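Down below is the structure, laid out as structure tokens.
The values are calculated or read from the model by the stated rules, or taken from the named source; none is laboratory data. Since the model is a prediction, treat every value here as computed from it, not as a measurement. Using ideal geometry, Cβ is built from the backbone for each residue, glycine included, and neighbour counts are taken over all protein chains shown. SASA here: full protein model, heavy atoms, side chains in, ligands and nucleic acids out. Shrake-Rupley method; radii C 1.70, N 1.55, O 1.52, S 1.80 Å.
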Amino acid sequence: MEEIYAKFVSQKISKTRWRPVPAGSLQTADTFATGSWDNEENRVSLWSIGDFGNLDSDGGFEGDHQLLCDIKHHGDVMDLQFFDQERIVAASSTGSVTLFLHHPNNQTLSVGQQWTAAHYHTSPGSLSCRSAPCTGVVCSNPEIVTVGEDGRINLFRADHKEAVRTIDNADSSTLHAVTFLRTPEILTVNSIGQLKIWDFRQQGNEPSQILSLTGDRVPLHCVDRHPNQQHVVATGGQDGMLSIWDVRQGTMPVSLLKAHEAEMWEVHFHPSNPDHLFTCSEDGSLWHWDASTDAPEKSSLFHEGRSSIFLFHSISNQANVHQSVISSWLSTDPAKDRIEITSLLPNRTLSVNSLDVLGPCLVCGTDAEAIYVTRQLFS
Amino acid sequence: MNMLSAVQLIPGVNSSKKQMCFDWGPGEMLVCETSFNKKEKSETVPGCPVIYIIRKDVDVYSQILRKLFNESHGIFVGLQRIEEELTGKSRKAQLVRVSKNYRSVIRACMEEMHQVAIAAKDPACSRQFSSQVSILSAMELIWNLCEILFIEVAPAGPLLLHLLDWVRLHVCEVDNLLADVLGSENPRKHESFWKLVTILVLQGRLDEARQMLSKEADSSPTSAGMCRILGDLMRTMPVLSPGTTQTLTELELKWQHWHEECERHLQDGTFASSPHLESLCKIMLGDEAALLEQKELLNNWYHFLVTRLLYSHPTVKPIDLHFYAQSSLDLFLGGESSPEPLDNILMAAFEFDIHQVIKECSIALSNWWFVAHLTDLLDHCKLLQSHNLYFGSNMREFLLLEYASGLFAHHSLWQLGVDYFDYCPELGRVSLELHIERIPLSTEQKALKVLRICEQRQMTEQVRSICKILAMKAVRNNRLGSALSWSIRAKDAAFATLVSDRFLRDYCERGCFSDLDLIDNLGPAMMLSDRLTFLGKYREFHRLYGEKRFVDAASLLLSLMTSQIAPRSFWMTLLTDALPLLEQKQVIFSAEQTYELMRCLEDLTSGRPVHGEPDAQRLQDDDIETTKVEMLRLALARNLARAIIKEGSLEGS
């Protein structure tokens, strides 16, 4: 049975991230980090999930996640990424980017490196700068890329005090999220529905490719790349639509899937099981999309009583897709165009701001100040 | 609500020395010292540079209570969605379940607060948490009683069972004592043995009491007989078991027999040799004097009430409750002390006076959470229809509005308040409109969340205002692209015009466009304002020109002027842009188009106002302008000539 544990934590959670497990180890995820927003004092916190197997007589309170340590964070935590096992990068609404160190020996967090005013606005006619929120961060050791409301892209190295590369005015609108396509290429999404690919090998301030939603210019809020097929990219928009793109061809999404009723805040392919995708939204829902084609009787996978919906609005030039390396997300066979969607949270209330998946574990955080954890995604 | 006129002193403020001024906010009050002095003018003393923010609802700021607010918010929203069609039993069962959910949240909160109180190192801090624990405990006590009386509406018989559960839940020291005694080496010799047995009997936990007695019987042969008799009495006491079809009359009859048997034993002096057993027997007979002897173990009058009912009126009717409650309170206090607020609240509940309960709670408790949620639940039980306040709307809505306003005053709990306002049909909407505009928009993400709230509720005025704020911010930060996006989202034509003008001005200054990614992708949004359309089209002209599609570019340029989309101030720039097209080798503008261009130029030059006192700068400007006009005239004339020849020769051929 699928168990979801909820814990109220007295702070609105903006980001949740699993700590990566060492490559090649059989360990499952046991620690995650959260960031808070809109509190008078915001925090970056590390949590440990207890052993869910040991249910005590009181009905399993042992399964709750416990706070390991936390540290004050100046401004809202806009994004959070594990740099490696011991280091966490946090993006702040004050425009700074901070690298926190976790000391497992005495369970404390400390500030390792900080780039203040990484993102800022320049006022017309004056030399003074106003800080601009940093909206997204992505790491690929040793590089850290940040984007912000100022439309700027920064490339940092963990050991460099100054930015290695800065693209000013990379975007005329707000950049909402960033991810690596293939190092040294990155993907950004912005508030006018565009997906831009930047290549750090190229000089100059122009993207190497622009893809966009046609017509409505619906802002895109999140982006994730397929872990194995690097040309397959998923984005989530303000209208709650999920778009699947093939960045090798066309400038339009391969398919648009009607999803949530409000802003989709995050989308994640499952890192090791990429036929599964997870999305969360301002409307308070958290969805599991299952596009695996080899599951004839999938309903048994999930807890009964939860609704499953079939919908797939495929648009576009699918004839162009190379048949040889079809991902299930780019599939053109109508018989296979079935994605099963399961809602993972029992009753929706306030916005689910963030989610992360690793192995069989999922964690998400909400504006209702609750953190939900499950360790049996595919039970 | 009747407010008690208690004077609250604001720490740090001395109003006898300085004159104060204040201003009311939605949930807070601002107080600061004025520079006026009461008696003499002493300019030397500088004013205190402090503004005090005085908050009404302090509990909102407690970290632990935040969990209560958040968790109960979910229950509240669920309750509002309960199908109205649900009637009768299923509806009642639903409402009872909701009530229990609320209580379990209170309990969870209380337990955590208790843990924190124990762990606190600072005694003052610990005291504060402990007092919170007792407030939460009182809240749960009241809520539970209201649940039994108003929501469950238990009839005679089950009513007493519910009340017993209520007392057992709230007088829970006995469980610790039980574990303590049973854990000791020889429970019978434990100093609290008899105390424990008495408490068990007082709470009607007769099975456990019997087991304790059997321990006594095992170890002391002299009292074994007595213990067995009393144990039998305990075992045979008739109780209502929920599953059976037993009628109340049958129960009353059996109970009467049992009662008489107890009485006979007492009169026969069966337990005369053991004062402990005798007193237990007296309790089981409902003897008031014997009960009052156990005042300390009973803790409070409502425990006394329930024990008394258990052993003398087990089938008490709801309607008679208040009579027994009042007499129990009087007997228990015995005129030594006066009832406290909690006693009054419980008494009002026993009298089935809901409004009095809510009124007393509003006065006694330090937050609106309790009364707002309880009143809302009771309203769903359709118990409050008749009551309308002479101000605002009904009581439920009044309390919900107060609570939600408190949430909105909080830095981050405002999101919860939205749903409460939603379920206030009369004044919720206006309150939300007033509050939502005051949310500081620190990041775009937060603004998007606020916007979503407004858009879902069709609050167009607020949507416009938020977008405008963001557009203004973007302009101030020199982010014209963002500013334009926001004004398009707000459908704010005036602001779109303003931003477009800024784009055009920048173009005139720099000779190139910024933010092409946005302007090239305006799409239908271009139609929002004439100036924006012009901006988009003008940029299109540049693109066509860049792609060497001169004919298309030329006709677009001309149409911008003839259709009056281009602002007059920009015509000269457009005409200048036409110059290179006029100078191309092949003829691009037809004769007719050239006439149009000439007309535009003449319109522009003839309409020029005559300047008053020309200064040096203006003279120079005028000079450049005159040269431009002359160059244009020349180019136009030459183009016209070429066009006429070309068109003439085309027709001729």
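Of all the residues in the stretch B:471-494, those that are surrounded by fewer than 24 Cβ atoms within 10 Å (Cβ to Cβ) and of a type outside the set (S, T, N, Q) number 11. Considering only residues of the stretch A:182-216 that are touching a residue at least 12 places away in the same chain (Cβ under 8 Å) and acidic (D, E), which is surrounded by the most Cβ atoms within 10 Å (Cβ to Cβ)? Taking the candidates together, the pick is A:E185.
Starting from the stretch B:97-121, take each residue that is over 14 Å from A:F8 (Cα atoms) and list its partners that are among the polar types (S, T, N, Q) and open to solvent by 60 Å² or more (accessible area, probe 1.4 Å), counting only C-beta distances under 8 angstrom and pairs at least six apart or across chains. No pair meets every condition.
Can you work out which of the residues in the stretch B:338-379 that are charged (D, E, K, R) and in contact with a Phe, Trp or Tyr (Cβ under 9 Å, 6 or more places away or on another chain) is most open to solvent (accessible area, probe 1.4 Å)?
If we filter the stretch B:338-379 for residues that are charged (D, E, K, R), which is where we start, we get B:340, B:343, B:351, B:353, B:359-360, B:376, B:379.
From what's left, in contact with a Phe, Trp or Tyr (Cβ under 9 Å, 6 or more places away or on another chain): B:343, B:376.
On the way: B:D343: 23, B:D376: 0 Å².
The extreme case among them is B:D343.
Taken together, the residues in the stretch B:420-442 that are open to solvent by less than 30 Å² (accessible area, probe 1.4 Å) and either in a loop (DSSP other than H, G, I, E, B) or within 14 Å of chain A (Cβ to nearest Cβ) (or both) amount to 4.
A search for C-beta distances below 8 Å between a residue of the stretch B:570-599 that is assigned to a loop (DSSP other than H, G, I, E, B) and any residue that is open to solvent by 40 Å² or more (accessible area, probe 1.4 Å) and among the basic types (K, R), counting only pairs 6+ apart in sequence or on different chains, returns B:V587/B:R642; B:V587/B:K646. Scanning the stretch B:233-243 for residues that are within 46 Å of the chain's Cα centre (by Cα), farther than 18 Å from B:R168 by Cβ, assigned to a loop (DSSP other than H, G, I, E, B) and at pLDDT below 90 turns up at least one hit. The residue that is most open to solvent (accessible area, probe 1.4 Å), among those in the stretch A:217-254 that are without any contact (Cβ under 8 Å) to a residue 40 or more places away in the chain and away from every other protein chain (no Cβ under 14 Å), is A:R248. Taking first residues from the stretch A:360-374 that are under 15 Å from A:G284 (Cβ atoms) and partners that are of a type in the set (G, A, S) and part of a strand (DSSP E or B), the Cβ contacts under 8 Å between residues at least 6 apart in sequence or on separate chains come to A:C364/A:S354; A:G365/A:S14; A:G365/A:S354; A:A370/A:A6; A:I371/A:A6; A:I371/A:G365; A:Y372/A:A6; A:Y372/A:G365. For the stretch A:1-98, the strands (runs of 3 or more DSSP E) that sit wholly inside it and include 1 or more residues that are at pLDDT 95 or above and within 16 Å of the chain's Cα centre (by Cα) are A:13-18, A:31-36, A:77-82, A:87-92. Within the stretch B:477-493, residues that are within 12 Å of chain A (Cβ to nearest Cβ) and closer than 23 Å to A:D239 by Cβ reach partners that are among the charged types (D, E, K, R) and outside any helix (DSSP H, G or I) with beta carbons closer than 6 Å, at six or more positions or on different chains, in the pairs B:G481/B:D515.
Scanning the stretch B:322-359 for residues that are closer than 18 Å to B:N144 by Cβ, part of a helix (DSSP H, G or I) and touching a residue at least 40 places away in the same chain (Cβ under 8 Å) yields B:L342, B:D343, B:I345, B:L346, B:A349, B:F350, B:I354, B:V357, B:I358.
All conditions in (1) surrounded by fewer than 20 Cβ atoms within 10 Å (Cβ to Cβ); (2) in contact with a helix residue (DSSP H, G or I) (Cβ under 8 Å, 6 or more places away or on another chain); (3) assigned to a loop (DSSP other than H, G, I, E, B) hold for A:E162, with the sole exception of (2). Restricted to the stretch A:138-160, and to residues there that are within 14 Å of chain B (Cβ to nearest Cβ) and within 16 Å of A:C222 (Cβ to Cβ), the residue that is farthest from the chain's Cα centre (by Cα) is A:E149.
Filtered by the rule that a residue be in contact (Cβ under 8 Å) with a residue 12 or more places away in the chain, of a type outside the set (K, R) and part of a loop (DSSP other than H, G, I, E, B), the stretch A:110-156 gives A:T116, A:A117, A:A118, A:H119, A:A132, A:P133, A:N141, A:P142, A:E149, A:D150, A:G151.
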